[in-house]
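Here the structure comes first, spelled out in structure tokens, and everything after it is commentary.
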Amino acid sequence: MSSADAPIVSPYAELEPPEILAHNLQVGARVMAAAQSFALLAFVFAYFYLRTLNSNGAWRPRHVNPSAGIGVALAACLVLCAAAYFVGVRRLGDGTERGWRIAASAALVFGLGAFGLIVAQLASIEFGPTSGGYASVFVGWHAFYAVNLLLVLVWLETLVAQSLHTHTQHLAPESGDVSAPFAVMRPAGDAFAVVLSVAIVLGLLGYLLLYVV
């Protein structure tokens, strides 16, 4: 085949084979999941250590009483976020683009709702991190988990935005730089599911420790 017959490839085209892309995304997702696990499990260790130590009986004074209603709403938003996203991943596997966009967008809304509830909880409490062991873990956990959750949601937002972009490329294929843009969504969606799963499990663990136990 002569150079004149060779296909014209955009300099921004996706040249990496799909299986390599999927492998790289899975490795990166597992590293991210491990990083957030190590960071947040430090607060779980602090919870059990300080609760067992209970210095001067000041583990949890009576005035340290966060809103249980916000805690329940937070846990519900996390569960709904995970449920909506995994419904979307199944649609992604079926190649149903519209179903994926709706479910992923719903997961993003529920995730942002959870983030907003954490901010509302921290704004409503009448104690600080110096009000005993429980209070220090409560404030530290919620602050750190909020940042972690926001970073996870940023990735989800990019997936939703990418999905919307691929939709426009189907309407005008000549404007795209990837021959099958929606095909790259599946490995990215599967990789994100790993990170989201860990974030949700850790969030529910924090709810059990700080609101139920």
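Bear in mind these aren't lab numbers, they're just calculated from the coordinates by the rules spelled out. This structure is a prediction, so every number in the text was calculated from the model and none was measured. Don't worry about glycine lacking a Cβ; one is built from the backbone with ideal geometry, like all the others, and counts go over all protein chains shown.
How high is the relative contact order of the range 40-139, in percent, with contacts defined as C-alpha pairs under 8 Å that are six or more residues apart?
Values: 96 pairs, mean separation 39.8, N = 100.
Reported as a whole number, the value is 40 percent.
Tally Lys/Arg at +1 and Asp/Glu at -1 over every other residue whose Cβ is under 12 Å from the Cβ of V213; what's the total? Working shown, then result.
On the way: positive: R51, R60; negative: none.
Taking every Cβ under 12 Å from that of V213, the sum is +2.
Relative to the Cα centre, what is the charge dipole magnitude of the range 14-163, using +1 at the beta carbon of each Lys and Arg, -1 at the beta carbon of each Asp and Glu, and rounding to the nearest 20 debye?
Values: 8 positive and 7 negative charges, 115 e Å.
In debye, rounded to 20, the range 14-163 gives about 560.
Sort out for me the Cα centre separation of the range 85-139 from the range 20-51, rounded to whole Å.
The range 85-139 and the range 20-51 have Cα centres separated by 17 Å.
Using a ≥ b ≥ c from the Cα gyration tensor of the range 47-108 (square roots of the eigenvalues), is it rounded, prolate or oblate, where a/c under 1.5 gives rounded and otherwise the larger of a/b and b/c decides, a/b for prolate?
Working: a/c = 7.64, a/b = 3.19, b/c = 2.39.
In terms of gyration-tensor shape, prolate.
What is the gain in length, in nm to one decimal, between V27 and A161 on full extension, counting 0.36 nm per residue of separation less the C-alpha to C-alpha distance?
Details: separation 134, 0.36 × 134 = 48.24 nm, distance 2.27 nm.
Working it through step by step, the gained length comes to 46.0 nm.
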